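Notes to accompany the following structure.
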Amino acid sequence: MPLLLLVAGSAAIAAAGRRVPVPAPLLLVAVGLAVSYVPGVPDYTLDPHIVLPLLLPPLLHTAATDSSYLDLRAQLRPVALLSVGYVLFATFVVGCAAYLIVPGLPLTAALVLGAVVAPPDAVAATAVARRVGLPSRITTILQGESLVNDATAITAFRVALAAAVGEGATWAGGITEFLIAAIGGVGVGLVLMVPLQWLRIRLREALLQNTLSLLIPFVAYAVAEQLHASGVLAVVVVALCLGHRAWQVDFATRLQEDAVWKMVAFVLESAVFALIGLQLPVVLKGLGGYEGAEVAWYAVAVFLVVAVARFVWVYPATFLPRLSARVRAREGDLSWRGPFVIGWAGMRGVVSLAIAFSIPLTMHDGEPFPERDLILFLTFTTVIGTLVVQGVTLPPLIRLLKFPARDVQAETLAEANAQAQASRAAEQRLDELLADERNALPAPLADRLRTVLERRRNAVWERLGQANPVTGETVDDTYRRLSREMIGAEREVFVRLRDGRYIDDEMLRTLLRRLDLEEAAAYRETA
């Protein structure tokens with residue numbers, strides 16, 4: 001029952017968040033904080049054995065399939081510098097700062113804290129990017145960073161934790177472990193991609209294909225972790241490859257898959273942000289030995305170090321490579337505004353909390369892990385601080401910086417040219433097919449094929465035309481609206497015939513599905 005209430009409540013709050021100016025992730029966190037102290041609400045402790053293998057893979061999968069393999073490849077340098085270089089830099093800087101700020105905190109335990117709070121969150125990054133409409137290059141960099149940095153942070157955490165609990169970890173061993181995890185995760189992803197794509201193409205039933213789609217991220221993560229490789233990288237590689245080749249599966253699978261994964265992402269993202277807020281009572285339980293002002297100072301100091309360290313890394317990592325003339329020629333002019341937004345968009349999330357909760361209670365010698373409860377608290381305050389401070393201020397900051405708006409005219413023109421080329425190829429193929437007597441069609445049906453093709457070709461060009469002076473609609477928008485009204489009228493007749501027992505429910509579903517497909521074909525996605 002608590003799990004059901006969590007999912008239902010977080011989904012309802014997220015839906016309400018779409019109707020208010022506050023971003024839904026922040027609203028969920030705030031409500032979670034408030035609800036955590038309502039009498040009768042159970043403690044929702046983040047179990048890393050659930051979050052990492054069960055929640056993280058589908059969230060990474062849906063974020064990766066929504067990304068572009070080609071765009072990420074074009075931004076490989078900044079993505080790598082952030083997802084690997086910045087995470088290691090933040091681990092070291094935050095760890096050293098915490099060691100100096102918190103009396104009695106060993107350096108190894110401080111580095112554990114640094115690794116825990118180092119990675120910006122994939123869910124937070126994509127949620128904010130969608131909400132504020134960042135320029136495509138910045139969005140690609142943030143998405144790419146958030147997809148890969150968890151792998152770096154988890155490896156850094158394991159190395160720091162091994163040193164803290166007395167396993168005698170070394171820098172050389174840590175680098176070796178990171179390389180094995182990274183290369184192994186990519187390798188597992190590439191190996192799994194081949195049979196998975198083969199199955200996706202050859203399974204003829206959309207239901208089976210979507211069942212396979214839901215299993216893919218869990219299989220990739222589990223196989224990689226079983227081989228002591230990075231499950232995060234395995235999931236990302238598989239999702240990027242399959243997303244890049246999604247055109248090879250049939251239309252029914254793509255339609256269902258898109259709807260299924262949107263639902264999964266919505267439910268999981270909503271529950272994840274609500275869970276962050278619900279952790280407050282859990283992390284406060286072990287802080288009895290600290291005074292409020294003392295831990296408040298530690299929390300503010302660590303948050304400031306996390307925020308400043310990102311800027312300290314981002315600007316040199318952005319502009320130093322541009323000392324190369326080849327890099328400048330390839331990337332063109334670059335202002336300070338893009339790196340500023342990237343620096344300010346470093347929200348932390350549920351992965352940091354899940355990693356923190358995986359810190360053991362004791363070390364190898366049986367002694368309690370030093371300041372474990374304080375590390376949990378500082379992780380929690382850093383996550384909340386970045387989500388609230390940076391998450392709330394990011395949208396007005398982007399508006400203040402006045403990034404160039406998307407060139408809708410140019411995008412529509414590119415779409416129209418692409419559609420024109422495709423239509424010419426389709427028309428040529430239709431002529432070849434109709435020339436074969438085995439494909440003979442009555443003239444009205446052949447004309448209908450040509451009419452549908454012409455309609456697709458002209459639809460995009462019509463969006464570039466004059467708007468209706470009365471309604472403000474383009475010709476294409478008016479066509480879509482009238483088409484929907486006509487389909488609605490047909491739908492009403494079918495339902496009336498079913499209610500009058502002239503047709504049965506099975507026939508009604510068949511007729512309605514046909515109308516649904518026609519309506520889907522008549523409308524392009526605007527979200």
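The values are calculated or read from the model by the stated rules, or taken from the named source; none is laboratory data. Remember, predicted model here, so these are calculated numbers, not experimental data. Quick reminder, even Gly has a Cβ in these numbers, built from the backbone with ideal geometry, and neighbours come from all protein chains shown. Surface accessibility is based on the protein's heavy atoms, side chains included, excluding ligands, DNA and RNA. Shrake-Rupley method; radii C 1.70, N 1.55, O 1.52, S 1.80 Å.
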Residue count for the stretch 347-380, restricted to those that are open to solvent by less than 10 Å² (accessible area, probe 1.4 Å) and small (Gly, Ala, Ser): 4
When you go through (1) under 21 Å from GLU518 (Cβ atoms); (2) part of a helix (DSSP H, G or I) one by one for ALA414, which number turns out not to apply? (1)
Given the conditions (1) surrounded by fewer than 19 Cβ atoms within 10 Å (Cβ to Cβ); (2) within 17 Å of GLY349 (Cα to Cα); (3) modelled with pLDDT under 85, which single one is not true for PRO53? (3)
Where LEU255 falls short, out of the listed (1) under 30 Å from GLY104 (Cβ atoms); (2) at pLDDT below 85: (1)
With the condition kept exactly as written, say whether any residue in the stretch 392-402 is open to solvent by less than 70 Å² (accessible area, probe 1.4 Å), within 30 Å of ALA459 (Cβ to Cβ) and without any contact (Cβ under 8 Å) to a residue 60 or more places away in the chain. no
Which one is modelled with the highest pLDDT, of the residues in the stretch 71-112 that are out of contact with any helix residue (DSSP H, G or I) (no Cβ under 7 Å at 6 or more places or on another chain) and small (Gly, Ala, Ser)? ALA80
Where a residue in the stretch 298-321 is in contact (Cβ under 8 Å) with a residue 60 or more places away in the chain and its partner, wherever it lies, is part of a helix (DSSP H, G or I) and of a type in the set (Lys, Arg), with Cβ under 8 Å and at least six apart: PRO321/ARG77
